[in-house]
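Written below as structure tokens is the structure these notes are about.
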Amino acid sequence: NMNIPKKPLTLLLALVMAFSLMAPAFAAEGGEPKTATTGSITINNATKDHTYNAYQIFSGELSYEGTAEDGDAVKPVLSNVKWGSAIDESMLQEALGEVISYDGTMTAADVADILSNGYGINVNGETQTAKIDPNEFAQAISKALKADIENLATGKAVNKGSEENPNYVAEMTNIPVG
């Protein structure tokens with residue numbers, strides 16, 4: 001059993017999930033988008049002196065659909081979505097069962113799709129789209145982290161404000177994208 005503080009972990013896992021599903025693109029010669037190989041996460045309103053760790057929840061291949069006139073990518077698309085290196089797949093059903101009715105047959109791509117687009121529920125005979133709360137998902141997925149997990153990056157919260165008006169921020173850089 002890992003001894004990880006739950007509140008900061010919830011926030012961080014939600015951020016890492018979002019981070020793992022996107023990456024910045026930069027204009028390259030010829031107007032073709034160039035994908036970044038590393039990225040960063042900044043946590044504002046961080047807990048004083050807390051050290052945050054980034055874990056890979058999803059992995060995949062990032063591409064872009066269309067380009068703008070200036071060569072920047074228009075829409076990031078993640079394909080071949082798989083569980084990231086931090087996930088113990090044998091723990092997923094127990095971890096996600098209550099949050100998304102995970103029955104063991106869903107793929108990482110299915111779960112990522114539900115996180116991005118929601119899922120259909122029946123409300124008075126009509127199908128409506130329900131969204132998963134990112135904090136609830138992060139709390140749940142934390143139960144499926146490998147016991148011997150290695151983090152992708154670490155950032156300690158430091159005060160970027162004044163003593164009278166503190167502003168704790170944790171920054172993690174050079175995180176591999178994908």
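Values in this text are rule-based calculations from the coordinates and carry no lab data. Note that the coordinates shown come from a computational prediction; the quantities given were computed from them, not determined experimentally. Because the Cβ atoms are built from the backbone with ideal geometry, glycine has one as well, and the counts that use them run over all protein chains shown.
The table below lists the values:
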{"read-out": "Charge tally in the Cβ shell below 14 Å around T107, where Lys, Arg are +1 and Asp, Glu are -1, T107 excluded", "value": "-3"}
{"read-out": "Rounded if a/c under 1.5, otherwise prolate or oblate - the range 122-173, Cα gyration tensor axes", "value": "oblate"}
{"read-out": "Spherically averaged projected area in nm², based on the convex hull that wraps the Cα atoms of the range 52-119", "value": "6.4"}
{"read-out": "Above-threshold pairs, the threshold being 25 Å between Cα atoms, out of K82/K156; K82/K131; K48/K82; K75/K131", "value": "K82/K156; K48/K82"}
